[in-house]
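Written below as structure tokens is the structure these notes are about.
The values are calculated or read from the model by the stated rules, or taken from the named source; none is laboratory data. Just so it is clear, the model here is predicted, and its values are computed rather than measured. For neighbour counting, all protein chains shown are included, and Cβ atoms are generated from backbone atoms with ideal geometry for every residue, glycine included.
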Amino acid sequence: MSKKLGFVQMLDVSGSMYGALPQVKIDAKSFVREGRPGDQFGVNAFSDDAWWVYPTTNIPNIVTITDSCEETSDAANKIETQTIHNMTNIADALNKATQMLHTANTELKAYVLFSDGNSNWGNPPENEIDSNIPIFIAGLGSLNRTQFDLMTAKNPKSKFYNQPNAYQVGLMFNHIVADSNEVNLIVNKLEKDKSGSNYFIKDAVISGTDTEPQLSVVWSNEKYSYTSGYPSTNSIRVTLIDPFDNDTDIKPTITDGGYCIFNTSGLLPGTWKVLVEFSSAEALDFTVGGVEYNSGITSSITAVDTDDNSNFDIAVNTKINGEEVQDLQISGESTSIHYLDQQDDLDNNVEVARNDVKFTKRQLLSVPKKNILRLKNELKTDNNSNVQFSSHSVSVKISGINPNTGLPFTDIKSIVI
């Protein structure tokens, strides 16, 4: 079915990460839990130099995730034990990661870095990156964007993510798999602070009978497990509903505390629904993700500079089996984030402002083969502060009709500007 991913997580535990270390641990554990059976991975941490967190031998072999996913649980436990040290040697972490990734026997490979980018020890980090392997950076703490730009420039599939939380990291994993596989991401949604006897539904459009959809639901507390029966105080029911609104008896192929994964094939084309039902006294957060393999659908979005500083353009291009698709329906969200000058107190050295901006397509007839979105940048700063830099994360949902089959499809892409 899906191509397997080999990845190495690198955790910055140097002194400059003092205030951000709890978020590093939360995000790193969230990411590793997204790993699928057959994926391969390792985790290292670094300060003056780097060491292996999982597995723990000096020169370890990359670990293959088994059906039980006990490897990801073991890695999460090891991540929790990390503490703050001294300087920042990103290069050594990348060097060790490169050696491990070269031994991975997966079709796809990726570096995954959790850091503020303030490398002050060792070689230039970008010199240790294999340009054939993309790097995905979760920027946390008071950031050095220049250093990140040098690293992501090594491979065009590399991406930078601004101050992601645990559930945005889950979405980040889905984007890595979708972008790496050049398949379409059919659903990638957050549901936050859900409690009581409750439910929610997310749509996923299956574009054809020959595709292989993979759907997953991840929740924030591992004490809850999947059930096909009634939801209870320790179980969550996930049901796949077909395009005719019929409940199905499709069961997940992989389940464990905190998540379930449906690997499917031959599903009826159309809009499926993922129904999640639960009964919890505490607030839970969820991610629902889905990718569709062998669809022949590929999309790309690129940023286009404009003379107007308050606006920027996004160009969207979708192809099916290599042919460009017209008459797309496009919607999405933009999040603007700015970083203020570093404060003396390490616990408060970053201030982040988030402004979610909804937008819809504006078809510009002067650009006949592209759909252009114009987004207004609503970034605002404190009058007493200076902005170090700002960044804009854009997520786009693309919908249309496959001209070869007459069936609907969706694709989700993201870009950071």
Go through the stretch 230-245 and give me each residue that's surrounded by fewer than 17 Cβ atoms within 10 Å (Cβ to Cβ), assigned to a loop (DSSP other than H, G, I, E, B) and touching a residue at least 40 places away in the same chain (Cβ under 8 Å). 233
Output yes when any residue across the stretch 46-54 is surrounded by fewer than 18 Cβ atoms within 10 Å (Cβ to Cβ) and free of Cβ contacts under 8 Å to residues at least 40 places away in the same chain, and no when none is. yes
Within the stretch 41-61, work out how many residues are within 19 Å of residue 119 (Cβ to Cβ) and part of a loop (DSSP other than H, G, I, E, B). 3
Whichever residue in the stretch 246-261 is in a strand (DSSP E or B) and touching a Lys or Arg at 6+ places or on another chain (Cβ under 8 Å) and, among such residues, is nearest to residue 169 (Cα to Cα): 259
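Among 131, 119, which is the only one that is out of contact with any strand residue (DSSP E or B) (no Cβ under 8 Å at 6 or more places or on another chain) and within 25 Å of residue 15 (Cβ to Cβ)? Talk me through it step by step, then tell me what you get.
On the way: 131 fails: within 25 Å of residue 15 (Cβ to Cβ).
Criteria check complete, one pass: 119.
Suppose we filter 215, 240, 171 for residues that are closer than 20 Å to residue 399 by Cβ and at pLDDT 90 or above; which single one remains?
Of 215, 240, 171, the one residue that is closer than 20 Å to residue 399 by Cβ and at pLDDT 90 or above is 215.
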With the condition kept exactly as written, say whether any residue in the stretch 152-164 is in contact (Cβ under 8 Å) with a residue 40 or more places away in the chain, among the aromatic types (Phe, Trp, Tyr) and either in a helix (DSSP H, G or I) or within 25 Å of residue 45 (Cβ to Cβ) (or both). yes
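Might you let me know whether the stretch 268-277 holds any residue that is at pLDDT 90 or above and at positive phi? Quick ask: steps written out before the conclusion?
So the first thing to find is which residues in the stretch 268-277 are at pLDDT 90 or above, and the list is 268-277.
Of the ones still in play, those that are also at positive phi are 270.
There is at least one residue in the stretch 268-277 that is at pLDDT 90 or above and at positive phi.
When only residues in the stretch 49-80 that are more than 24 Å from the chain's Cα centre (by Cα) and of a type in the set (Val, Ile, Thr) count, which is nearest to residue 20 (Cα to Cα)?
Of all residues in the stretch 49-80, those more than 24 Å from the chain's Cα centre (by Cα) come to 49-51, 56-61.
Now restrict to residues that are of a type in the set (Val, Ile, Thr): 56-57, 59.
Numbers: 56: 24, 57: 27, 59: 28 Å.
Per the criteria, the residue is 56.
Could you list all residues from the stretch 44-77 that are under 21 Å from residue 218 (Cα atoms) and modelled with pLDDT of 85 or more?
Initially, the stretch 44-77 is screened for residues under 21 Å from residue 218 (Cα atoms), giving 64-77.
64, 65, 66, 70, 71, 72, 73, 74, 75, 76, 77 - these are the residues of the stretch 44-77 that are under 21 Å from residue 218 (Cα atoms) and modelled with pLDDT of 85 or more.
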With respect to residue 72, is the statement that it is surrounded by fewer than 23 Cβ atoms within 10 Å (Cβ to Cβ), more than 22 Å from residue 143 (Cβ to Cβ) and either in contact with an Asp or Glu (Cβ under 8 Å, 6 or more places away or on another chain) or not hydrophobic (A, V, I, L, M, F, W, C) (or both) true? no
Residue by residue through the stretch 210-229, note down the ones that are out of contact with any Lys or Arg (no Cβ under 7 Å at 6 or more places or on another chain), surrounded by fewer than 19 Cβ atoms within 10 Å (Cβ to Cβ) and not in a loop (DSSP other than H, G, I, E, B). 212, 225
For the stretch 190-198, state whether one or more residues are closer than 26 Å to residue 271 by Cα, among the basic types (Lys, Arg), outside the structural domain of residue 406 (by TED's automatic domain parsing) and modelled with pLDDT of 85 or more. yes
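Go through the stretch 118-151 and count every residue that is outside any strand (DSSP E or B), under 18 Å from residue 43 (Cα atoms) and without any contact (Cβ under 8 Å) to a residue 40 or more places away in the chain.
Qualifying residue count for the region: 5.
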For the stretch 166-201, how many residues meet the condition of being in a strand (DSSP E or B) and closer than 27 Å to residue 403 by Cβ? 5
